[in-house]
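The values are calculated or read from the model by the stated rules, or taken from the named source; none is laboratory data. Only a predicted model underlies this, so the values are computations on that prediction, with no experimental measurement involved. Quick note on the areas: whole protein, heavy atoms, side chains included, nothing else; ligands and nucleic acids left out. Shrake-Rupley method; radii C 1.70, N 1.55, O 1.52, S 1.80 Å.
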Amino acid sequence: MVHDRETNIRRLPRNRDIHDYLAELKQVEPPVAIASFATREEATTWLWEQPEPATHAWVSIAGELYLAAYYPNIGHRALYPLSMIEDADASA
């Protein structure tokens, strides 16, 4: 976990592994959103209100697909835009 003291946000460190995981997951399990939201804030609220979320599920935020991930071992929930794959491929 990384803690940003200025924003008081705790998150997992950024790394290339999530890009590889998203690319693999997209191939194995084609994205189909189980829920749609107008804003990321709405999606984040929904994710944190889930008593026991799935370890991963696809959601749509303003028409863009995201992976809603839950890490039960550390109680962390996160949203990863599927566009991360394309952004990483374009800069490589």
(message) Using amide H atoms built in the peptide plane, which far-off residues or other-chain residues are under 5 Å from His76 H to H?
(response) Tyr71
(request) For the chain, return all DSSP H helices satisfying: extent of Cα atoms along own axis at least 15 Å; mean Kyte-Doolittle hydropathy at least 0.0. (result) none
(request) Would you mind calculating the relative contact order of the chain from Cα pairs under 8 angstrom and at least 6 residues apart, reporting the percent as a whole number? (result) 22
(request) Multiply the residue gap between Trp46 and Met84 by 0.36 nm, knock off their C-alpha separation, and tell me the result in nm, one decimal place. (result) 11.5 nm
(request) Would you mind telling me the share, in percent, of accessible area of the chain contributed by carbon and sulfur at probe 1.4 angstrom? (result) 52
(request) Find the relative contact order for the stretch 41-85 and round it to a whole percent, using C-alpha pairs within less than 8 Å whose residues are 6+ positions apart. (result) 30
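What number, rounded to the nearest 500 deg cm²/dmol, is the helix-based mean residue ellipticity at 222 nm of the chain, given -39500 (n - 2.57) per DSSP H run of at least four residues and division by all its residues?
One gets -10500 deg cm²/dmol as the mean residue ellipticity at 222 nm.
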